[in-house]
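The values are calculated or read from the model by the stated rules, or taken from the named source; none is laboratory data. Everything numeric here is computed off the predicted structure, so don't read it as measured data. No Cβ is skipped: glycine too gets one built from the backbone with ideal geometry, and neighbour counts run over all protein chains shown. Keep in mind that these areas ignore ligands, DNA and RNA; they rest on the heavy atoms of the full protein, side chains included. Shrake-Rupley method; radii C 1.70, N 1.55, O 1.52, S 1.80 Å.
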Amino acid sequence: MYFSSWLSQLYRGLSRPIRRTTQPIWGSLSRSLMLSSQRRNPEYSSFVVRTNTCGELRSSHLGQEVTLCGWIQYRRQNTFLVLRDFHGLVQVIIPQDESAASVRKILCEAPMESVVQVSGTVISRPAGQENPKMPTGEIEIKVKTAELLNACKKLPFEIKDFMKKTEALRLQYRYLDLRSFQMQYNLRLRSQMVMKMREYLCNLHGFVDIETPTLFKRTPGGAKEFLVPSREPGKFYSLPQSPQQFKQLLMVGGLDRYFQVARCYRDEGSRPDRQPEFTQIDIEMSFVDQTGIQNLIEGLLQYSWPNDKAPVVVPFPSMTFAEALATYGTDKPDTRFGMKKYLKRKDIESIRKFSADHFDQEILPVFLNTNRNWNSPVANFIMESKRPELIRLMETQEEDVVLLTAGEHNKACSLLGKLRLECADLLETRGVVLRDPTLFSFLWIVDFPLFLPKEENPRELESAHHPFTAPHPSDIHLLYTEPKKVRSQHYDLVLNGNEIGGGSIRIHNAELQRYILATLLKEDVKLLSHMLQALDYGAPPHGGIALGLDRLICLVTGSPSIRDVIAFPKSFRGHDLMSNTPDSIPPEELKPYHIQVSWPTDSRAAKTH
């Protein structure tokens, strides 16, 4: 009924002559969409054979005739079993009388995790046998009929959250792992948050949800991209790292406010807690500044935040890149805990060894006793008159331990930042709670450098974010004299020490964009000729951001890995262990793409044997 009226209204709006339109068509359309976002109880049993879910029945349902479908989770002494579906658990009484022999046979002989359908009456559990740990613990089902829908063979592991199983086994049998309550919770919470984000962006703030292509062209700089062969000899598509160029082109096209739950691809090989394909909440706006983007994201997260978590407090604090690096040694600081720790001397030796083993860098500890004296070998190298000033600068207190290192500023700060986290790990192994898992500490990092020296050739520059990021207005003059000093209008959102989003105000001037690409970054501008041309045709000022959905949901749910919030993730090495992907392709199927595989010598030898 609602969909029909909405469709009729849309049709009437679109078919109305433009000269007679007194208000934008999308104004009435957005009001109609707003009505659909009003809270309603989900109809979990609509369109299917069951009357109820296993988790919804209560004492208020006593006496009702119900039909349930689910998996057999537990059976005891052939007298009752526990039936499970996505919504919860319910106890089913197995009939013992002879007239129900066929029903008893089905329910007693079906293996665990078999799928069954039962019909019966909701009754009260006997007095004293209620289970307060189960939401359905006051009732049970007196079965009248039962049907075995599918018997389950012996499982590679039990479908129980407390059963420990290796991640490789979980990924190999992902469809079984998805039955666990934790995976069900993670994926359903993800769905709910995304839906609330859609409501906030599209219904409340006029964004347009637009899909962009996944077959595109190679982009200069940035992460490595997956190539897709075409049937034209020597020509390839590329899977986009993000919809960056498309969303900017949508702003040139006058769409004004764009949003997408975007699939992105990066061929980065084996990296901890990264995925070759991942999802972003991708956003772009015209006529906006950095403050506008930040306010939008703060409101978005506050609106979509789960009700069972501590509420999001806005506005989020902000810190410059230079301040974050100097204070925390990283551009994604975990601000849930402070800088000062109480460590034992054996811990200091462990930290020094960690520094030497992982970074080939020496760390010198300074122990401050009650007389503020320096108990450290480094004391011999610092004049006594300078020590009070150092103590004041470091804001140290009695019994503090200070870790010192020397070297190039950024590298020294980065090392100390990693050691700060290592100290936190050491203390938390002793039961000291420093990083409260129920606390969500958001932080904006701003004023990044626009360029960084390339690692392989420090004389050349590369974009710190991406080549479309606009320079800070106060630093534009430095582009032509000292580009290394230019700050950017790039901003990152950090949550509990993890980067969950990043964006920037973009360059909308074609001449400036061409100068940065060709002169400073020395990129082939032909690859981006379409972008430069578009900027010349009246591109509005614009900016945006992308939130890493997988990382965000991982932190919200407290999951140990982003693989626990993705339905079908890849392994650490980027493999799908369930389907054994990537897989080889027969030579005859490669011919249309003009591709021939050149096998390494050892692989060829292995194939011939």
Heavy atoms of HIS358 accessible to a 1.4 Å probe, total area in Å² rounded to 10: 120 Å²
Cα-Cα P(r), the range 445-528, percent of pairs per 5 Å interval: 3, 14, 26, 24, 17, 10, 4, 1, 0
What nm value, rounded to one decimal, do you get for the distance between LEU404 and GLU268 when each label is placed 7 Å out toward the C-beta? 3.7 nm
With no solvent term and unit scatterers on the alpha-carbon positions of the range 423-479, Debye gives log₁₀ I(q)/I(0) at q = 0.13, 0.18, 0.21, 0.29 Å⁻¹ of -0.63, -0.74, -0.83, -1.23
Solvent-accessible area, 1.4 Å probe, carbon plus sulfur percent, for the chain: 54 percent
Using the Cα gyration tensor of the range 471-584, with a ≥ b ≥ c the square roots of its eigenvalues, what is the shape: rounded (a/c below 1.5), prolate (a/b larger than b/c) or oblate (neither)? prolate
Per-residue ellipticity at 222 nm attributable to helices in the chain (runs of n ≥ 4 DSSP H, -39500 (n - 2.57) apiece, nearest 500 deg cm²/dmol) works out to -8500 deg cm²/dmol
At a 10 angstrom cut-off on C-beta neighbours, averaged per residue, how do the peptides 475-488, 283-296 rank from highest to lowest? 283-296, 475-488
Each label point is 7 Å from the Cα along the Cα-to-Cβ direction; what then is the distance between the points at MET195 and THR581, in nm? 2.7 nm
So what's the range 74-145 giving for Cα Rg divided by 2.2 N^0.38 Å, two decimals? 1.06
Give me the distance between the Cα centres of the range 114-185 and the range 538-605, rounded to whole Å. 33 Å
Rounded, prolate or oblate: pick one for the range 178-235, where a ≥ b ≥ c are the square roots of the eigenvalues of its C-alpha gyration tensor, a/c under 1.5 means rounded, and failing that, prolate if a/b is larger than b/c, else oblate. oblate
State, as an integer percentage, the relative contact order of the chain based on alpha-carbon contacts under 8 Å between residues 6 or more apart. 12 percent
Charge sum, other residues only, whose C-beta stays under 12 Å from ALA464's C-beta, Lys/Arg counted +1 and Asp/Glu -1: -1
log10 I(q)/I(0) for the range 39-91, Debye formula on C-alpha points only (no solvent), q = 0.29 Å⁻¹, two decimals, reads -1.24
What's the percent breakdown of Cα-Cα distances in the chain across 10 Å bins, shortest bin first? 3, 12, 18, 21, 20, 15, 8, 3, 1, 0
Pull up the cross-link candidates among the lysines for LYS353, meaning alpha carbon to alpha carbon under 22 Å and not fewer than 8 places away within one chain. LYS340, LYS341, LYS344, LYS411, LYS418
For the range 235-340, alpha-carbon Rg over 2.2 N^0.38 Å: 1.36
Rounded, prolate or oblate: which fits the range 540-602, taking a ≥ b ≥ c as square roots of the Cα gyration tensor eigenvalues, rounded meaning a/c under 1.5, else prolate when a/b beats b/c? oblate
List the lysines whose Cα lies under 23 Å from the Cα of LYS196, skipping any in the same chain that are fewer than 8 positions away. LYS247, LYS309
How do MET183, MET112 rank by accessible surface area computed with a 1.4 Å probe, from largest to smallest? MET112, MET183
Whole-angstrom gap from the range 65-97 to the range 202-239, using each part's C-alpha centre: 49 Å
The correct ranking of ASP536, ASP447 by accessible area at 1.4 Å, largest first, is ASP536, ASP447
If you count only protein heavy atoms and use a 1.4 Å probe, how large is the accessible surface of ARG336, to the nearest 10 Å²? 50 Å²
On a full-extension model of 0.36 nm per residue, what is the gain between THR79 and LEU527, subtracting their alpha-carbon distance, rounded to one decimal in nm? 154.2 nm
Straight distance only, please: which aspartates and glutamates reach the Cα of LYS570 with their own Cα at less than 15 Å, same-chain residues fewer than 8 apart left out? GLU167, ASP177, ASP267, GLU268, ASP273, GLU277, ASP550, ASP583
State, in angstrom, two size descriptors of the range 525-564 derived from its alpha carbons: Rg to one decimal place and Dmax to the nearest whole number. 18.3, 47
Accessible surface ranking that places the most exposed of TRP444, TRP599, TRP71 first, with a 1.4 angstrom probe: TRP599, TRP71, TRP444
